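Throughout, read-outs are computed from the coordinates displayed, never taken from laboratory work. Computed from a predicted model, the values in this text were never measured in an experiment. Because the Cβ atoms are built from the backbone with ideal geometry, glycine has one as well, and the counts that use them run over all protein chains shown.
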2 protein chains.
Amino acid sequence: MTTDTAVLEGGLADRSAWSARDRCSISRAMQVVGTRSAMLLMREAFYGTRRFDDFASRVGITEAVAAKRLRELVEAGLLERRPYQEPGQRTRHEYLLTDMGRDLVPAALALMQWGDRYLSDDGGPLTLRHADCGGRIAVHVTCDRGHDVPLDQLAVEVNRPTRH
Amino acid sequence: MTTDTAVLEGGLADRSAWSARDRCSISRAMQVVGTRSAMLLMREAFYGTRRFDDFASRVGITEAVAAKRLRELVEAGLLERRPYQEPGQRTRHEYLLTDMGRDLVPAALALMQWGDRYLSDDGGPLTLRHADCGGRIAVHVTCDRGHDVPLDQLAVEVNRPTRH
DNA sequence: CCGTATCCTGATAGATACTG
DNA sequence: CAGTATCTATCAGGATACGG
């Protein structure tokens, strides 16, 4: 294990162990939700969209693209395709968030927060609040001892993969 | 203004105001860093990489792609291309994080955290710590009254654009 | 070192038309 | 409503070669 302190300041010394592209979790995450359509479909799922047509129209993509992405997201485990039946109707399918999909919310919110700040003239079209208390939502980087961690106090530890 | 409570539970009723794709901050953010190479170049910048060749080799992309993405990231305002000169050397350029680029860190960390959890067999190649106290880093969704907000307690408020 | 130029492949995604 | 099929344009990105 190697520990570097204040990465954003001094840089990361030992990179050999993880510069391998295929182990980087950001890289892997981007392979799954690294297209505009995939992330926006997840956004829709967060907002409660369940049906194919709604996904396509609300995201603003063609049915062909929606079908392909949804299939990939189901296969990757972010969504679950489940049959359901309304009384007197034929069987349909709905797309539901899995735990894996739900846990992507912080990443989506972090992107939204960043976009609201830097890519929008009026702070963005949505304000998120804590349903219980009405406080405004923000995404924070914290440590498990409860400190809010400024970006210049991030340290990186390299975990070498266990060999056999 | 319209407020919906517990979006992840009940769904979002009033979508007409923001379903316009071009105002969604997630969509805009994905236009800027929605490719694997762009996000990984930003990751490198977070880790202190400054030079063209290092960007290309550490991210594992060709120089052509690196050149194009870096140019776009500079143009979008996430990086700054600055000339510098070592004594006795000719002028070179380095790519430095701007505030806008630095503020993308939480989004990158959120993706990393998600990837560590769901796309890695061993928790991921890196552990991030708070340099001051050594505590493990995590990305949290909180409200400005200090509550940690569970994902099922997110409420959405739609801000209509001001007309004239 | 720091890129540019060219060529090529595959993925992303729009448009349109069609099926159960 | 929930897709599939086809056709097309644009973009992401690898390979290779070249220039300051």
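When only Cα pairs below 8 angstrom with a gap of at least 6 residues are kept, chain B shows a relative contact order of 31 percent. Taking every Cα-Cα distance in the range A:16-164 and sorting them into 5 Å bins starting at zero, the pair-distance distribution P(r) comes out as 2, 7, 13, 16, 17, 16, 12, 8, 6, 2, 1, 0, 0 percent.
Out of the trypsin sites (Lys or Arg not before Pro) in the range B:29-121, which ones are loop residues according to DSSP with at most 15 other C-beta atoms within 10 Å? Here the sparse-neighbourhood loop sites are B:Arg51, B:Arg90. Over all pairs of distinct alpha carbons, what does the Kirkwood formula give as the hydrodynamic radius of the protein assembly as shown, in Å? After inverting the mean inverse Cα-Cα distance, the result is 20.9 Å. The charge dipole of the protein assembly as shown, taken about the Cα centre with unit charges on the Cβ atoms of Lys, Arg (+1) and Asp, Glu (-1), comes to about 900 debye, rounded to the nearest 20. Considering only A:Gly88, A:Gly115, A:Gly48, the mean-square fluctuation computed in a Gaussian network model of chain A, springs between alpha carbons under 10 angstrom, is largest for A:Gly88.
Across peptide A:96-104, the average count of Cβ atoms from other chains found within 10 Å of a residue's Cβ is 3. Here, P(r) means the percent of Cα pairs in each 5 Å bin from 0 to the largest distance; for the range B:78-164 it is 3, 9, 10, 13, 16, 14, 11, 9, 7, 4, 3, 1.
Between B:Ala138 and B:Val65, the modelled label-to-label distance comes to 3.4 nm, taking each label 7 Å out from Cα in the direction of the beta carbon.
Each stretch of four or more DSSP H residues adds -39500 (n - 2.57); spread over every residue of the protein assembly as shown, this sum gives -11000 deg cm²/dmol at 222 nm. Against the compact-protein benchmark of 2.2 N^0.38 Å, the Cα-based radius of gyration of the range A:30-93 scales to 1.12. Shielding of peptide B:30-41 by partners, expressed as the average count of other chain Cβ atoms within 10 Å per residue Cβ, is 5. Taking a sphere under 11 Å around the Cβ of A:Gln113 and counting the other residues whose Cβ falls inside, with K and R at +1 and D and E at -1, yields a net charge of 0. Select from A:Ala107, A:Ala131, A:Ala76 the residue whose mean-square fluctuation is largest in a Gaussian network model of chain A (Cα-Cα springs shorter than 10 Å). Fluctuation is largest for A:Ala131. Given +1 at the Cβ of Lys and Arg, -1 at the Cβ of Asp and Glu and no other charges, the dipole of chain B around its Cα centre is 640 debye to the nearest 20.
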